[in-house]
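The values are calculated or read from the model by the stated rules, or taken from the named source; none is laboratory data. Predicted, not measured: the structure shown is a model, and the values here were computed from it. Reconstructed Cβ throughout: ideal geometry from the backbone, glycine too, with neighbour counts over all protein chains shown.
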Amino acid sequence: MRKWLYILLIPYLFLSCSKDDNNYIPLVNVNIIIHTNDPAFINLTVPGGWTYVNGGSRGIIIFRVSNDKFNAYDRHCTYDTGNSCALVSVDVNNITALDDCCGSKFLLTDGSVTKSPATLPLKQYNTSFDGQVLRIFN
C-alpha cells in the first residue's frame, strides 16, 4: 500500500515548483571577442570597470574583477524571466546590478543575489583573457 502512495505522489512533486524553479534564461550561443585596447572598451582597462555588449539573451555585462579576470553575465534577470521587463543594469555604485522591474540586486564580482525576490544568481558566461584579447563564450 505504501509503495502505491509514493507512486501517486510523484507527479505532484514535479508540479509543485516555486516561481524561480520554473524560470530559465534561454540558451543562446555566445562567442564574443573583445580587444581590450580598443577605445570603445576603455572602461575595461582597470579592475572594477564594466561595460555592456550585445549578445546572450538580453545583452551582457562584462565586469573586470582583477588584472587577469573578467566576469560576463547575461542581463536577463533570473526572477520572473518571462517578464519582458526583466533586465538588469549596473547600479550607480558600479559593484551591483539592479533589475528595476522586480527590485532584485546582484553582486558583479560573482553574480550572487544581494536583494530578493530573485533567488538564483545571474547567468554567467565563460571568459578567457590573454592580456589583450577577451573572449566570452558558452
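Things to note:
- Of all residues in region 66-88 being touching a residue at least 24 places away in the same chain (Cβ under 8 Å) and exposed (fewer than 13 other Cβ atoms within 10 Å of the Cβ), the one that is farthest from ASN31 (Cα to Cα): GLY82
- Any chance GLY48 is in contact with a Leu (Cβ under 6 Å, 6 or more places away or on another chain), modelled with pLDDT of 95 or more and assigned to a loop (DSSP other than H, G, I, E, B): no
- Filtered residues of region 54-65 (kept if under 14 Å from the mean Cα position of the chain (by Cα) and surrounded by fewer than 17 Cβ atoms within 10 Å (Cβ to Cβ)): ASN54, GLY59
- Hey, LEU44 surrounded by 15 or more Cβ atoms within 10 Å (Cβ to Cβ) and in contact with a Ser or Thr (Cβ under 7 Å, 6 or more places away or on another chain) or not: yes
- Looking across ILE33, ILE10, ILE42, one residue alone is in a helix (DSSP H, G or I) and at pLDDT 95 or above. It is ILE42.
- Per the listing VAL53, VAL90, the residue uniquely over 20 Å from ARG135 (Cβ atoms), out of contact with any Lys or Arg (no Cβ under 7 Å at 6 or more places or on another chain) and modelled with pLDDT of 95 or more is VAL90.
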